[in-house]
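Reading through the structure tokens given below for one structure.
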Amino acid sequence: MATDLAERISDWVIQRALRPFAVAGFFVLVAFLWTLYFQHIIAYPFPFLFLGAVMGSAWFGGIFSGFIAATLSTVLVDYFLVPPLYSLAIKSSSESFLAAFILCAITMILLVSARRRSETAIREARDQLDARVQERTAELRQSNLELEESARRLRMLTDAIPQQMWSADAQGNLNYCNQYLVDSLGAPLAGQFAEAFDAVLHPADEAFFHQALESSLIAEAPFEIEARLRLADGSYRWFLLRAIPQHSVDGRLLRWFGIHVDIEQQHRERQGLIEAHDELSRSSRTLSMGEMAASIAHELNQPLTAVVTHAYACREWLSATPANLEKASATAERIVQESTRAGAVVARVRALFRSNAAIRQPTDINRLVLDFVHLLRDDVARRNMTIRLLLADDLPDAELDAIQIQQVLLNLAGNAMDAMEGGAGPRELTIRTQRQAPGHICVSVEDQGPGLAPETSARLFEPFFTTKRSGMGMGLALCRSIIESHDGRIWAAPSQSGGAAFHFTLPVPA
Ligand code: ADP
């Protein structure tokens, strides 16, 4: 403590007392020696070197040192340069000279110290700025390192997740794929969304993918679709493709994140369930149709048997001699009653099937076809077939019952797929929409099956006509009744690809 104090005192003495004296002494001595030297050369008093000494002392030793130098210089100038020479006395004629010298010296001390102070302040400010910049640079470097580290950790995490993941910028350019995706697909997805996916999507899923992607990109909203992707070994698997957009606080789209969840197993299980359900509903349909047919037959049998019996009786009464016209007339009356009963049974059955009143609304037929195809997609994929859509632009809306028209499409597409089932050639189902002048649109369902045999063609739309082992022969009859109730027409023709083509028309505003 004491040594500390002693050290501080000695520091203070050196800095505040000895140093100013030493600096001032040094400068004044130099000025004095140079003055002595110059006095031999120029015979004129030379006080300016002392002013220089005052300036030097004030600059290097501070204001106190400047004043010491000024005092020493005044004494020396007075003694050596101001008459009477070699005396401290001042002649009255030289007083103004000495006064001017002192004034000059003081002004210089003040100017130099002011300049010195401002220089010191600037240097200190610069040093502080330098220090701050260095501090900020170090902080920035540190936060960069931390960012890199967290990005690295995130990348390790996403690489460890056993699902395919990617990210893309706001324009849809893919900029990251996790290791699992690279390993599964054999290469990272690169470039724009759409093109990158075209390289790995199953051709049959491309249309759905683009449709979903397009609406999602326009709305900048999440998108989700089930589709098959080609793996590194060339096989296809079902994935749930999901993409989520990230927005800034002010609502600007920043980037997209995507994940593909492998759903092959669930998909297979679901297909199995659908097949079992189809089989069940087919047999229950056959069963209930059988039951219904039996009960209708039973209902009709009674009046029809009675009609036949009464008709025989009537003939007997008429063929008797003489003919019993009274009895024949009564029997004919009973025939009329029984026939009316049978007619009522038929009317009841028809009323039963009409109980669901059709709901007709203006409908975009292309939209209806797309929705229908979406439903059919799994079935088509399961049967290893593909769908081609040829939809005309700018079709007017048609007034129709969407459920019934979808039922027609379902029957036609189901028959088309049944027809292609056993074939070895290409298995493409084409659905086409086009305008048919005047005031009609035409929808066609074409297949690449064996086509229509001449003996089949004539009976296609007859109820209960079927060539299938488990068919009911009601599908096309039902289609015709639906289309005709819409004021349209349905017919079959050979398709250009050699299979069968079914066309139906629907009226639209001309
Ligand atoms: P189902 O499908 O129960 O047999 P449909 O009325 O739908 O009843 O079809 C009647 C018949 O018309 C079928 O059994 C089949 O012989 C024939 N048929 C329908 N569509 C096609 C097609 N696209 N290609 C070949 N034959 C067809």
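Only one of these conditions is not met by residue 362: (1) in contact (Cβ under 8 Å) with a residue 24 or more places away in the chain; (2) outside any strand (DSSP E or B). Which number is it?
(2)
Only one residue in 446, 421 is closer than 14 Å to residue 500 by Cα and exposed (fewer than 15 other Cβ atoms within 10 Å of the Cβ), so which one is that?
Numbers: 446 fails: exposed (fewer than 15 other Cβ atoms within 10 Å of the Cβ).
Residue meeting the stated conditions: 421.
Residue check: is residue 297 out of contact with any helix residue (DSSP H, G or I) (no Cβ under 7 Å at 6 or more places or on another chain), exposed (fewer than 13 other Cβ atoms within 10 Å of the Cβ), of a type in the set (A, V, I, L, M) and at pLDDT 80 or above? I'd like the intermediate steps shown before the answer.
Working: out of contact with any helix residue (DSSP H, G or I) (no Cβ under 7 Å at 6 or more places or on another chain): yes; exposed (fewer than 13 other Cβ atoms within 10 Å of the Cβ): yes; of a type in the set (A, V, I, L, M): yes; at pLDDT 80 or above: yes.
Against the criterion (out of contact with any helix residue (DSSP H, G or I) (no Cβ under 7 Å at 6 or more places or on another chain), exposed (fewer than 13 other Cβ atoms within 10 Å of the Cβ), of a type in the set (A, V, I, L, M) and at pLDDT 80 or above), residue 297 qualifies.
Report the residue count in the stretch 373-383 for those that are touching a strand residue (DSSP E or B) at 6+ places or on another chain (Cβ under 9 Å) and under 16 Å from residue 447 (Cβ atoms).
3
Checking the conditions here, which among 352, 304, 287 is over 30 Å from residue 444 (Cα atoms), modelled with pLDDT of 85 or more and not hydroxyl-bearing (Ser, Thr, Tyr)?
The conditions single out 304.
Taking the options 505, 456, 433, name whichever one is without any contact (Cβ under 8 Å) to a residue 40 or more places away in the chain and not charged (D, E, K, R). Before you say what the answer is, go through the steps one by one.
Values: 505 fails: without any contact (Cβ under 8 Å) to a residue 40 or more places away in the chain; 433 fails: without any contact (Cβ under 8 Å) to a residue 40 or more places away in the chain.
So the residue among 505, 456, 433 that is without any contact (Cβ under 8 Å) to a residue 40 or more places away in the chain and not charged (D, E, K, R) is 456.
Residues that are more than 16 Å from the ligand (Cβ to nearest atom), surrounded by 20 or more Cβ atoms within 10 Å (Cβ to Cβ), assigned to a helix (DSSP H, G or I) and modelled with pLDDT under 90: does the stretch 380-393 have at least one?
yes
Look through the stretch 85-143, keep the residues that are part of a helix (DSSP H, G or I) and touching a Leu at 6+ places or on another chain (Cβ under 7 Å), and return whichever of them is surrounded by the most Cβ atoms within 10 Å (Cβ to Cβ).
105
Determine if the stretch 397-404 includes at least one residue that is in contact (Cβ under 8 Å) with a residue 60 or more places away in the chain, under 23 Å from residue 460 (Cβ atoms) and buried (at least 19 other Cβ atoms within 10 Å of the Cβ).
Looking through the stretch 397-404, at least one residue is in contact (Cβ under 8 Å) with a residue 60 or more places away in the chain, under 23 Å from residue 460 (Cβ atoms) and buried (at least 19 other Cβ atoms within 10 Å of the Cβ).
Given the conditions (1) more than 35 Å from the chain's Cα centre (by Cα); (2) crowded, with 18+ Cβ neighbours inside 10 Å; (3) more than 16 Å from residue 433 (Cα to Cα), report the number of the one that residue 412 does not fulfil.
Unmet condition: (3).
The values are calculated or read from the model by the stated rules, or taken from the named source; none is laboratory data. None of the values given here were measured: they were computed from a predicted structure. Ideal geometry is used to build each Cβ from the backbone, glycine not excepted, and the neighbour counts take in all protein chains shown.
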